[in-house]
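Only one structure is covered here, and it is reproduced in the block below.
Coordinate-derived values only; no laboratory data. Not measured: the values here are computed from a predicted model. Using ideal geometry, Cβ is built from the backbone for each residue, glycine included, and neighbour counts are taken over all protein chains shown.
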Amino acid sequence: MPYKRVWITDLTPFKIRKAFAELRPAKDMKPLENAGRIRSATDWLVGINTSVAATLKFGGTDNVFACGRVKMPTLAMIVKREREIRNYVKKPFYKIVANIEANDGAKFTAEAADKYDTETAAKTAIDEIKSNTAKAIKVEVSQKQTAAPLLYNTTHLLADLSKCTDLTIDMLTKLVQSLYENRLITYPRTSSEHLTDAMKDETVKIIKLLFEMPEFAKYAIPVDKFAPCTRRHYDDSKVDSHTAITPTALVPNDLSGMSENERKAYTLLALSIIRTVYPKAVTENIKAVFQIDNQLFTAIGTNIINPGWFAVDATPKVTGLPEIVKDNDYKVIGFDVKEGQNEPPKYYTDATLLTAMELAGNNITDEQTRSYIKLTKRGLGTAATRQGIIKELYDKGYIARRTRKNGNAVKSIMPTEKGMYIINTLEKIVPDMLSVDMTGDMEMELDKIARGESDGNNFLNEYKKLVIKWVEQIKNSDTSAMTGNTLICPLCGKPVIKKKVGWCCTGYSKDNPDSCKFYIANEICGKKISDVIAKELMLKRATSIIKGFTSQSGKSFDAKLIIKDDNTIGFEFPERLRCPICGKEMVKSSKGWVCTGYKNGCNFFIAGTICGKCITDTIATMLCANKRTRIINGFTSKSGKAFSAALIVKDGKIDFDFPAQSQKRSK
């Protein structure tokens, strides 16, 4: 039966009526439907099959390894960065800086190109310079015009919002979705950074309305001063299913009705289109080369000729130089030694990880190259799915926010032991599964299907074969290849290998009764011991609490595995929680911790989740023992705002103690 589709770009009444007046034939949307169906199928094929294979081979029911077509290459990028950081070796260097005075008394500096390994070597080089005159042997002056940045797509909007808020990517996604549902911004899941030619007049009208808002009135310029609308921002050929994200025509009177984070998001989008009516920024770049004795020194400066769109929200670095004339001599008033070092790799943040996924892991600053990668669709995931992938990596325990010594989380992302473990394992067994390039090629093929250049059947069939190969490689893998024989016996220091019966120290010899007998069985009290548990036991001589052991009487119990003083494997049972109100034992249920004294009237209860924050065993123990916890980050209010507070026991119930309140009491 023939039917048509409605295509809505924003939820304003005018745009909804327009969309229904311009219904699209279903056949025109069939390629997009096929691409979505095949994308879903490939994601399911990888997820359901490789996750089961990896979990059965390397984990267990309590240690699930969820794999994914985009998840694993993304996690591999994070693990690779972690290795680079761990292997980073600081290499300081020293450079000579000349302090020079122009004829008008203006002072500036010029830097020598040579680097010295020690400060002493740099100072020795200074001592060898006898002249106090710098001759300008080369002067280059050039002008550069910089156009306003491209408009926001989903990835770049979330990345910039992440830099100016403390919210997670998941919370930012909900924030932007809320603005869309309130008809304030256009559709927020798009990879486009352009608008269509037909939107020029409408966008100019929106900009005029923004100029009437008190928050943006300072940027208002006369209409006759508006820069022309060009292909820089209006280009039909660069618009995918949806255009760049912009404010809608329903411009509010002001931002007073929004939350702080909503204001930040709306401001970013408003300024992004306001910039487009400003002229290009013009800067003057100066490079002067001086000769002092036989050494060459370079001075670089930048001056603003016309700020253009810089006046809206850019703060360019200005390092002005006085007028330098070629072949003129200038007075050298001294030398300094400048210390530097090789740049250490930086942890990913939510913002930089989103960008890295878009650019398929390439660290590219050149806009033209970035545009090519985006146009060829070789990134990891799509604008609509990347934030969800990052959230899954957090939820599955593969990554975490790095914490300072005081326990406060920072924006840096680092892999957990579980994340490191699965990538170290898979890259030896199924390296293709972690390939950023291969996943990027798949994204490109999916884009071809969306554009109707392929029906996708061959692609799906080939992909099925690939998944079957991956599963077989995991099933047939040698577990010793997974560990790389890097596990070390905690008793004698020799390598530990995995055999059918469990983990055995290579220092054991049946002919030597005094040889090392360290051994971890594959199964202890009915509980299968995973590779992760065995590794933790060998590294720390104790594991985390493991659930699901079975006693000889058939009773289930939880405990830690430990290496006892006699070097055998034993149990350490968790300390039982006591109710801070009545002293009875606390038991853990599916909803949290309940006091066993409830039959006698004690209603004390600790919920498993409080204001969106998962309450861990450690937090519950602290609360029961001390009637308060440390400051905990990551609570979420009803309005969606993140906050930090300590949990306290007050009047028999759980309450918050905010940092400011604690400070007042301590005074």
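Listed by chain and number, the aspartates and glutamates whose alpha-carbon sits under 19 Å from that of LYS163, ignoring those within fewer than 8 places in the same chain, are GLU260, GLU262, ASP313, ASP350, GLU358.
Report summary: the helix-based calculation at 222 nm, which adds -39500 (n - 2.57) for every DSSP H run with n ≥ 4 and divides by the residues of the chain, gives -11000 deg cm²/dmol.
Scaled against the 2.2 N^0.38 Å expected of a compact globular protein of N residues, the Cα radius of gyration of the stretch 67-131 reads 2.06. For the pair ALA113 and PHE658 in one chain, pulling the backbone fully straight at 0.36 nm per residue adds 190.9 nm over the alpha carbon distance. Considering only SER509, ALA559, ILE529, and ranking their Cα positions along the charge dipole of the stretch 480-572 that arises from unit charges at the beta-carbon of Lys, Arg, Asp and Glu, the one farthest toward the positive end is ILE529.
Only Lys, Arg, Asp and Glu count, each charged at its Cβ (+1, +1, -1, -1), so figure out the dipole size of the chain about its Cα centre, rounded to 20 debye. Working shown, then result.
Values: 101 positive and 77 negative charges, 512 e Å.
Using Cβ point charges on Lys, Arg, Asp and Glu, the chain gives about 2460 debye.
Per-residue Karplus couplings for the stretch 549-558, computed as 6.51 cos²θ - 1.76 cosθ + 1.60 with θ equal to phi - 60°, are listed in order as 6, 10, 6, 4, 7, x, 8, 7, 8, 10 Hz, Gly and Pro entered as x. Cysteine residues of the chain whose C-beta has no other cysteine C-beta under 4.7 angstrom: CYS67, CYS164, CYS229, CYS504, CYS525, CYS611, CYS614, CYS624. Students often get this wrong, so check it: of LYS287/LYS338; LYS15/LYS638; LYS396/LYS650; LYS144/LYS200; LYS346/LYS391; LYS555/LYS613, which have C-alpha atoms separated by over 24 Å? Violating the 24 Å limit, Cα to Cα: LYS15/LYS638; LYS396/LYS650; LYS144/LYS200; LYS555/LYS613.
Kirkwood Rh, Cα Rg: Rg to Rh for the stretch 109-190?
Radius of gyration relative to Kirkwood radius: 1.38.
Hull volume per residue, based on the alpha-carbon atoms of the chain and their convex hull, is 274 Å³. Neighbour counts of C-beta atoms inside 10 Å place SER639, SER259 in the sequence SER639, SER259, starting with the fewest.
Among CYS229, HIS242, LEU184, which residue has its Cα furthest toward the positive end of the charge dipole of the stretch 154-277, with +1 on Lys/Arg Cβ and -1 on Asp/Glu Cβ? Ranked along the dipole, the leading option is CYS229. A quarter of the convex hull surface defined by the alpha-carbon atoms of the stretch 586-666 gives 6.0 nm² as the mean projection.
Computed over the alpha-carbon atoms, the stretch 12-85 gives an Rg to Rh ratio of 1.27, Rh here being the Kirkwood radius from the mean inverse distance. Size descriptors for the stretch 480-572, from the alpha-carbon set: Rg then Dmax equal 13.5, 40 Å. Cross-link pairs exceeding 22 Å in C-alpha to C-alpha distance, out of LYS30/LYS71; LYS494/LYS540; LYS57/LYS428; LYS205/LYS317, comprise LYS30/LYS71; LYS205/LYS317. The radius of gyration of the Cα set in the stretch 154-277, together with its Dmax, comes out at 14.1, 42 angstrom.
Using a simple spin-label model with pseudo-atoms 7 Å out from Cα toward Cβ, TYR88 and GLU215 lie 3.5 nm apart. Of the trypsin sites (Lys or Arg not before Pro) found in the stretch 527-619, those that fall in a DSSP loop while having at most 15 other beta-carbon atoms within 10 Å are ARG541, LYS555, LYS564, ARG576, LYS591. D by Stokes-Einstein for the stretch 434-526, Kirkwood Rh over Cα pairs, 10 °C, 1.306 mPa s: 92 µm²/s.
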